[in-house]
Amino acid sequence: MAPSFLSFVSLYGIYLRRCFATSGLTSQFIDIDDHTTIHLWAPNPDHQTPQQQKPSLLLLHGFGPSAMWQWRRQAQFFSPHFHVYVPDLVFFGDSTTKSKERSEVFQAVSMGKLMEKLQVKKYHVMGTSYGGFVAYHMAKLWPEKVEKVVIASSGVNMRKADNMELLQRANVENVEEIMLPETATQLRTLTRLAISRRFTMVPDFFWKDVINLISCKMQQLYSENRNEKLQLLKGITLLAGDDSCKLPPLQQDVLIVWGDKDQIFPLKMAYELKELTGKKTRLEIIQNTSHVPQIENSTRFNNIVKNFLCGSS
Ligand SMILES: *[C@@H]1O[C@H](CO)[C@@H](O)[C@H](O)[C@H]1NC(C)=O
Ligand SMILES: *[C@@H]1O[C@H](CO)[C@@H](O)[C@H](O)[C@H]1NC(C)=O
């Protein structure tokens, strides 16, 4: 049986690659230093002409197989208006390192080096879930390079109590059972928490049948570099070690986007985060979506983000 499940995922992979390619992006590997190689989808350097003065947009994914799975609809939508960069974070997809560091600050520094290597001087950054933590740190580290910041479905302000509540909702003991599913049941729990009921109820080929069929391959995708990803998760959980959240505000214009039904990071965290990130923060809530509004209602998501990035502050 296994081969047909595998071939579905491979076919979906081919489809995703084609979507990125037809958006004018190519798959590239960049050595950012002696230890670390980043894989990303980026505008083809040979096709760029100087008069193409488009702003740059960096998209940072969350826990999950690879960047492509999470940002397809954004790569397609934003590419005509922006130079879009879609990297795999370190330990995800095809990005690798020999470094011993395991934190979202390390991810942020790696992404900063990547943009330097690509000679992109200024850029907007958008991160979802784990990628939102990385986006926050990039914005804090380089206020002169990072222009506008979009934080989507990302509990950067997570405290210990939030972590405990998440475990209760999921009915599991450790956060890795949710974020790094090893069994089909765990994968379904993640799906239940991350995707709104309305969306999964759609008698859609992909969600109804295939998610079950491919779960073995999905688990494999999730479990690549499992130990390293576990350490990344522990890094965040350490941050959430006490109950006071001291998150310095950002200097940039910030957009927070959230699904009202998010079961991973519930909506109340979005309101708290808005207070913490500073006066230049806007919050947009997308009704009837959960943890991946960029997939669940991509039209609404993309329009909100485009208005924010293209509008004057
Ligand atoms: C949200 O879902 C409810 C119930 O299915 C529906 O009545 C409502 O119109 C939806 N709202 C939006 C903005 O899609
Ligand atoms: C997306 O959101 C808009 C506005 O909230 C709503 O009208 C529309 O029905 C939603 N689309 C989907 C596919 O849920």
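The values are calculated or read from the model by the stated rules, or taken from the named source; none is laboratory data. If you're wondering where the values come from, they're calculated on a predicted model, not measured in any experiment. Positions of Cβ are generated from backbone atoms using ideal geometry, with glycine treated the same way; all protein chains shown enter the neighbour counts. Just the protein is used for accessible areas: all its heavy atoms, side chains included, with ligands, DNA and RNA removed. Shrake-Rupley method; radii C 1.70, N 1.55, O 1.52, S 1.80 Å.
Within segment 260-309, if we keep just the residues that are under 23 Å from T189 (Cα atoms) and in contact with an Asp or Glu (Cβ under 6 Å, 6 or more places away or on another chain), the residue that is surrounded by the fewest Cβ atoms within 10 Å (Cβ to Cβ) turns out to be Q287. Where helices (runs of 4 or more DSSP H) sit wholly within segment 245-313, those with at least 2 residues that are within 16 Å of ligand 1 (Cβ to nearest atom) occupy 293-296, 298-310. Across segment 24-83, what is the number of residues that are farther than 25 Å from F308 by Cα, open to solvent by less than 20 Å² (accessible area, probe 1.4 Å), modelled with pLDDT of 95 or more and not in a strand (DSSP E or B)? Residues that pass the stated criteria total 1. The residues listed here are M164, M158; of these, the one that is surrounded by 14 or more Cβ atoms within 10 Å (Cβ to Cβ), away from ligand 2 (no atom under 16 Å from the Cβ) and at pLDDT 80 or above is M158. The set of residues from segment 280-309 being at pLDDT below 95 and of a type in the set (A, V, I, L, M) comprises V292, I295. Quick one: is T277 touching a Lys or Arg at 6+ places or on another chain (Cβ under 8 Å), of a type in the set (S, T, Y) and either under 20 Å from Q168 (Cβ atoms) or modelled with pLDDT of 90 or more (or both)? In short, no. Among residues of segment 283-302 that are in contact (Cβ under 8 Å) with a residue 12 or more places away in the chain, those with a beta-carbon under 7 Å from a residue that is within 6 Å of ligand 2 (Cβ to nearest atom) at least six positions away or on a different chain give the pairs I286/N297; I286/R300; T289/N297.
For beta carbons closer than 8 Å, sequence separation of 6+ or different chains, a first residue in segment 91-102 that is within 16 Å of H61 (Cα to Cα) and touching a residue at least 24 places away in the same chain (Cβ under 8 Å) and a second that is assigned to a loop (DSSP other than H, G, I, E, B) and open to solvent by 60 Å² or more (accessible area, probe 1.4 Å), the qualifying pairs are F91/N225; F92/N225. Here W69 passes the criteria (1) of a type outside the set (D, E, K, R); (2) in contact (Cβ under 8 Å) with a residue 60 or more places away in the chain; (3) closer than 21 Å to E296 by Cα except the one numbered (2).
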